[in-house]
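Participant: Here it is, the structure, as structure tokens.
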Amino acid sequence: MSRTADVIIIGSGVIGCATAYYLAKKGTSVIVLDKDENIGNGGSARNGGGVRQSGRDPRELPLAMYAVNNLWPTLSEELGVNVEYHKEGNLRLGKTEHHLEILQGLTDRATACGLDVRMIDGAEVRAINPYLSDEVIGASWCATDGHANPLMTTLGYYRAARRLGVQFYTGEEVTELQTIKGKARRVITKKNVFEGEKIIVAAGYESRWILESVGIDIPMSKDLIEALVTEAEAPMFPQMLGTADADFYGHQTDHGSFVFGGASGFETVNKDNGHNMTSSITAPCICRGIMKYIPKLANAKIVRTWAGYEDVSADGVPVLGEIKEIPGLITACAFTGHGFGISPIVGTLLAEVAREEKTTLDLSAFRYDRFKAII
Amino acid sequence: MENIYDRTIDLGEYKPEPDDDRIICRCEEVTKGEIRRAVHDGMYTITEIRRYLRSGMGLCQGQTCAKLVKGIVARELGVSPAVLTPATSRAPMRPLEMKIFAKEGEEDE
């Protein structure tokens, strides 16, 4: 077991694994630590698999567009596993005039950033996806959005990074970071001490407590989201679906099963027992939502439900990049449930930051010290 | 090997076995050879194997194959099966139609 490397990454989610992969590809030595015994057992294994550009904050949109244009199309080939990427569009559905106003606002903001997304009426929605009910009166349509398999993407990055010599240690719960001569250097876990020239904290919500040990506080909260999967069905439609009302989102996987995520409204008062616990009321609520939009799925059998936490940023976009006060310290957290779709570009950018190279895209909108009080 | 935490330990070369094509997970049709290869790809836990291969993710949710998969993974890693944490059991216990499940907690009932 080695305890020193050029870069120590805390968190083996899709962000940590992707960063490790891009670093190792450039010859940097990397150790990845995770407190869980499983690789990528947080949000990376629990999300709905959306690879969307539409609906994103204008600050985040350039990352999503770069990933869709340059990284996702060849990712399966690059990693040597099928990440099941489909670039076949995203429909964000509306059932009321109020929904259409929300969608119009999102669409206007995205087109201003150069994204090809537009509003379509109910008839056009059903021409694209004939399974949607007459309750749907319109949608925003982005033909270049899509979805992928988050489990295979995370484990694919892990496998590829491991083959390049990245050292992964699970069951290593970080208790604190330590600086030496003002520079981030040591990572203390319950079992070991690791040292690196650079430390990247990509541990979801837990990043907050890890960064707190060196006096940095990222304003974020955590939100529980639940998801479910059906048995395999014959292929129905390839688009990613979402709704203006946020009743549910999801898609049909290559396997044939449908993965849908959603909420009941009681997430903030979930009886958290230390696990990602599902509530008995949420999955039925998601089912009721789905059936209003896709009546044909009423007979589909639910085989499994699960829950996961989102690390929600105070202003809705992640915190990415160097922490200037502590040279050598880098973070990527507070993804607010939008991290999976941008993970390939975030991994690329973090690898560039850690290697002190010029970054492919500007990261200044994601600085950790951007948060200001309202008055 | 005593635990599954250190993913750098060399498991040696993957050696094919005569019964590698035997189906272990009947629901998702995952073979013994695929499970053994996944371990060599770095999937050291039952949870990772499930996510990588879909074994135990089908209609029976691993109620048939869980012990078999665990035995194969443990042998490949050279650990006791007791070291491997079983996969999390998830609701519902049996596959349930959306229209039935949806009635749970409905207001007018």
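The values are calculated or read from the model by the stated rules, or taken from the named source; none is laboratory data. Note that the structure is a prediction, hence the values are computed from the model and not measured. Neighbour counts run over all protein chains shown; Cβ positions are idealised from the backbone, glycine included. Heads up: the accessible areas ignore ligands, DNA and RNA and are worked out on the full protein's heavy atoms, side chains in. Shrake-Rupley method; radii C 1.70, N 1.55, O 1.52, S 1.80 Å.
Participant: Mind checking the dipole of chain A: about its Cα centre, +1 per Lys or Arg Cβ, -1 per Asp or Glu Cβ, Debye to the nearest 20?
Facilitator: Working: 38 positive and 46 negative charges, 162 e Å.
Its charge dipole is roughly 780 debye.
Participant: Hey, what angle do you get for helix B:66-77 against the long axis of chain B, alpha-carbon based, 0 to 90 degrees rounded to 10?
Facilitator: Relative to chain B, helix B:66-77 is tipped by roughly 20 degrees.
Participant: Hey, with R₀ at 22 Å, roughly what FRET efficiency would A:GLN104 and A:ASN69 work out to, going by the Cβ-Cβ distance, to 0.05? If you can, show how the numbers build up before the last one.
Facilitator: On the way: r = 25 Å, r/R0 = 1.14.
It comes to 0.30.
Participant: Rounded, prolate or oblate: which one fits region A:103-213, using the alpha carbon gyration tensor with axes a ≥ b ≥ c (rounded when a/c is under 1.5, else prolate when a/b beats b/c, else oblate)? Mind dumping the intermediate values first?
Facilitator: Details: a/c = 3.39, a/b = 2.47, b/c = 1.37.
Prolate shape, in that a/c is at least 1.5 and a/b is the bigger ratio.
Participant: Next question. How would A:VAL193, B:VAL39 line up by accessible area, probe 1.4 Å, largest first? Provide the component values of the computation, followed by the final result.
Facilitator: On the way: A:VAL193 65, B:VAL39 0 Å².
I get A:VAL193, B:VAL39, largest accessible area first.
Participant: Over region A:238-375, what per residue volume does the convex hull of the Cα atoms give, in whole Å³?
Facilitator: Expressed per residue, the convex hull around the Cα atoms of region A:238-375 is 185 Å³.
Participant: Would you mind checking the pairs A:LYS25/A:LYS190; A:LYS35/A:LYS183; A:LYS26/A:LYS198; A:LYS95/A:LYS292; A:LYS271/B:LYS99 and listing those with alpha carbons more than 18 angstrom apart?
Facilitator: Values: A:LYS25/A:LYS190 30 Å; A:LYS35/A:LYS183 24 Å; A:LYS26/A:LYS198 15 Å; A:LYS95/A:LYS292 10 Å; A:LYS271/B:LYS99 26 Å.
Flagged as over cut-off: A:LYS25/A:LYS190; A:LYS35/A:LYS183; A:LYS271/B:LYS99.
Participant: Tell me what chain A gives for mean residue ellipticity at 222 nm when only DSSP H runs of n ≥ 4 count, each as -39,500 (n - 2.57), the sum divided by the residue total, rounded to 500 deg cm²/dmol. Don't skip to the end; give the middle numbers.
Facilitator: Values: 9 runs with 94 residues, N = 375.
Estimated from H runs of four or more residues: -7500 deg cm²/dmol.
Participant: Roughly what % of Cα-Cα distances in the protein assembly as shown sit above 29 Å, to the whole percent?
Facilitator: Working: 57139 of 116886 pairs.
Here the tail beyond 29 Å accounts for 49 percent of pairs.
Participant: Of the options A:SER2, A:GLY55, A:ASN149, report the single residue whose Cα projects farthest towards the positive end of the charge dipole of chain A (beta-carbon charges: Lys, Arg +1; Asp, Glu -1).
Facilitator: Comparing the listed Cα positions along the dipole, A:SER2 ranks first.
Participant: Short version: ³J(HN,Hα) in whole Hz for each residue of region B:18-31, in order, from phi by Karplus 6.51 cos²θ - 1.76 cosθ + 1.60 (θ = phi - 60°), x for Gly and Pro, what are they?
Facilitator: x, 9, 4, 8, 6, 7, 9, 9, 6, 5, 10, 6, 9, 8
Participant: B:SER89 versus A:ALA123, label points 7 Å from Cα toward the beta carbon: distance in nm?
Facilitator: Distance between the two pseudo-spin positions: 5.4 nm.
Participant: Now for a different question. Compute the helix-to-body angle for A:97-112: its Cα long axis versus the longest principal axis of chain A, expressed 0 to 90° and rounded to tens.
Facilitator: Its long axis makes an angle of about 50 degrees.
Participant: Can you give the local net charge around A:PHE266? Use residues other than it whose beta-carbon is closer than 13 angstrom to its beta-carbon, Lys and Arg +1, Asp and Glu -1. List each step's numbers first, then the result.
Facilitator: On the way: positive: A:LYS271; negative: A:ASP223, A:GLU226, A:GLU267, A:ASP272.
Its environment carries a net charge of -3.
Participant: Based on the Cβ-Cβ distance of A:SER133 and A:THR175, what FRET efficiency does E = 1/(1 + (r/R0)^6) give at R0 = 35 Å, to the nearest 0.05? Don't skip to the answer; put the middle values down first.
Facilitator: On the way: r = 52 Å, r/R0 = 1.48.
So the FRET efficiency works out to roughly 0.10.
Participant: Return the sequence-ordered ³J(HN,Hα) values of region A:153-161 in whole Hz as given by the Karplus equation 6.51 cos²θ - 1.76 cosθ + 1.60 applied to θ = phi - 60°, using x for Gly and Pro.
Facilitator: 5, 4, 5, x, 5, 4, 4, 5, 5
Participant: If you take the C-alpha gyration tensor of region B:19-71, multiply each eigenvalue by 5 and take the square root, what semi-axes do you get, largest first, in whole Å? Display every interim value, and only then the final one.
Facilitator: Values: eigenvalues 46, 31, 16 Å².
For region B:19-71, the ellipsoid semi-axes come out as 15, 12, 9 Å.
Participant: Apply the Karplus parameterisation 6.51 cos²θ - 1.76 cosθ + 1.60, with θ equal to phi minus 60°, to every residue of region A:14-20 and state each ³J(HN,Hα) to the nearest whole Hz, in sequence, with x for glycine and proline.
Facilitator: 4, 5, x, 5, 5, 4, 4
Participant: Turning to a different aspect of this structure: For helix A:282-293, what angle does its Cα long axis make with the longest principal axis of chain A, in degrees from 0 to 90 and rounded to 10?
Facilitator: Once rounded, the angle reads 40 degrees.
Participant: Related question: Please go through region A:259-317 and write out the trypsin sites (Lys or Arg not before Pro) that DSSP classes as loop and that have at most 10 other C-beta atoms within 10 Å. Don't skip to the answer; put the middle values down first.
Facilitator: Details: sites: A:LYS271, A:ARG288, A:LYS292, A:LYS296, A:LYS301, A:ARG304; in loops: A:LYS271.
Qualifying residues, ordered by number: A:LYS271.
Participant: Can you list residues from other chains, or at least 5 along the same chain, whose modelled amide H is less than 5 Å from the amide H of A:THR175?
Facilitator: Placed amide hydrogens put A:ILE188, A:THR189, A:LYS190 under 5 Å from A:THR175.
Participant: Between B:HIS40 and B:GLU106, what FRET efficiency follows from the Cβ-Cβ distance if R0 is 35 Å, with the result rounded to 0.05? All intermediate terms of the calculation are to be shown ahead of the outcome.
Facilitator: Details: r = 49 Å, r/R0 = 1.39.
It comes to 0.10.
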